[in-house]
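A quick write-up on the structure given underneath.
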Amino acid sequence: MARKPSPEIQLTERDFSRWRLVEDFQRRLARAERIVPLHPTWADPDRLLKHVDYLSLFLLGLLNPVVRTLRGLCAASHLKRLQEEVCTRPVSLGSFSEAQAVLDPALLAEVFSQLSRELPVEKSRATPSQRHWLIQDGSLFEALPRMYWALWRRQGKAQSQVRLHLSLDLAQNAPARAAITAGKACERAAWRTQWQQGDGFVADRYYGEDYQMFGELNQAGVAFVVRLRDEAVINVEQELPLSQADRQANVIRSAWVRLGCQARYRSIRLRVVWVQTPKEVLPLVTNLGPEELSAGEVALLYKERWQIELFFRWVKCILGCRHWLAESPSGVAIEIYLALIAALLLQLYTGQAPNRRMMELIQFYLLGVASLDELEQGLERERQRVARRKKS
């Protein structure tokens, strides 16, 4: 369990301010309950802790800079102002811990799904071929040694890690689909559960190791641009011409190919585009023909893959999702979904994923140091500064 906060840290009502995002979250949660029913135990009249109070307090703990531990969060629930604006009654440590066992993370997955569809498309991120393009990747979060279900490796120092499998919407520059598993879970297996007909995926070379999966994607009506490993066996069947636009995108070669050294294990007919970077040549494979996706567009799409790495860094470093307030598989899924929901709400309110300066302004507002007007003015100044830097 989380360590007890230092005795010299005294939480007061002044440390918390009215937060419209919590109210927004509660409204969305009520809509999601119509689709994902609650466990019957939440209707038990003997249960004092309500699910909305539990989740609202949990969400506040992910963003409020004052309290970062489970004990501190439960202690804060005794404050009158917090009971009026976030949770309706004090929450005990035992009740908070027990709630993770009876709350289905699918409820938060539905809130996350609905919220992701509300984000506007960034005009500067028009995607080619009229497809819904997503960037696919996974990221590891360090788990506590006692989270035995997350044990991954035993060689040398034992590792316990949780893996977030994420699909980042390229047009919105925001997470669209997510799955949470133990660190040892296969990323390609999780990917199979996330793709849908009409999607287009951009992925790194780990996803390019299974040539048979390319056939599954093509049969499911899913497009892809995936990097191949340098050791991949590429059997060229037909060279393709390059346009001036392709060469300007640093494409040096394009061809129809089949992948694999043995005939019985070879892939379906695919197109490989070779892109020259300052450090190396990247072989990129796609199932789309040049009439739908030019070689230059393949190169530019893969260049956007780095956006998902920036998002993972933002969640871990800027949002600060590093301390576990729950340790069971269900509790960890609840916490990560709440972090993703917080990220989407912040992006919806600020117009972009907040940088460090924006997060500091938001936290000053949560502390009551900054007014709502000062918060909005500060966010607007920061948005203009970021826009000027992009143009220069």
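The values are calculated or read from the model by the stated rules, or taken from the named source; none is laboratory data. Note that the coordinates shown come from a computational prediction; the quantities given were computed from them, not determined experimentally. When we count neighbours, we look across all protein chains shown, and the Cβ atoms used for this are built from the backbone with ideal geometry, even at glycine. SASA here: full protein model, heavy atoms, side chains in, ligands and nucleic acids out. Shrake-Rupley method; radii C 1.70, N 1.55, O 1.52, S 1.80 Å.
When Ala30 is tested against (1) within 28 Å of the chain's Cα centre (by Cα); (2) open to solvent by less than 20 Å² (accessible area, probe 1.4 Å); (3) at pLDDT 85 or above, just one condition goes unmet, and that condition is (2).
Restricting attention to region 226-284 and to residues that are farther than 21 Å from Ala203 by Cβ and assigned to a loop (DSSP other than H, G, I, E, B), the residue that is modelled with the lowest pLDDT turns out to be Gln262.
Of the residues making up region 147-190, those that are open to solvent by 10 Å² or more (accessible area, probe 1.4 Å), hydrophobic (A, V, I, L, M, F, W, C), under 21 Å from Glu209 (Cβ atoms) and modelled with pLDDT of 90 or more number 6. Can you confirm whether region 73-90 contains a residue that is at pLDDT below 85 and in a loop (DSSP other than H, G, I, E, B)? Within region 73-90 (the criterion being at pLDDT below 85 and in a loop (DSSP other than H, G, I, E, B)), the answer is yes, since at least one residue qualifies. Going by what's in this entry, would Leu282 be described as closer than 20 Å to Leu300 by Cβ and either free of Cβ contacts under 8 Å to residues at least 12 places away in the same chain or over 32 Å from the mean Cα position of the chain (by Cα) (or both)? The answer is no for Leu282. Scanning region 42-56 for residues that are open to solvent by less than 30 Å² (accessible area, probe 1.4 Å) and part of a loop (DSSP other than H, G, I, E, B) returns a single hit, Leu49.
Screening His78 on (1) open to solvent by 50 Å² or more (accessible area, probe 1.4 Å); (2) closer than 23 Å to Glu33 by Cβ shows it passes everything except condition (2).
Close contacts from region 43-65, counting a first residue that is free of Cβ contacts under 8 Å to residues at least 24 places away in the same chain and among the charged types (D, E, K, R) and a second that is open to solvent by less than 40 Å² (accessible area, probe 1.4 Å) and part of a helix (DSSP H, G or I), with Cβ to Cβ under 8 Å and a gap of 6+ residues or different chains, come to Arg47/Thr41. Looking at region 329-350, is at least one residue over 19 Å from Gly138 (Cα atoms), free of Cβ contacts under 8 Å to residues at least 60 places away in the same chain and in contact with a Leu (Cβ under 7 Å, 6 or more places away or on another chain)? Yes, region 329-350 contains a residue that is over 19 Å from Gly138 (Cα atoms), free of Cβ contacts under 8 Å to residues at least 60 places away in the same chain and in contact with a Leu (Cβ under 7 Å, 6 or more places away or on another chain). Consider Val66 carefully, then state whether it is within 30 Å of Lys316 (Cβ to Cβ) and modelled with pLDDT of 90 or more. The answer is no for Val66.
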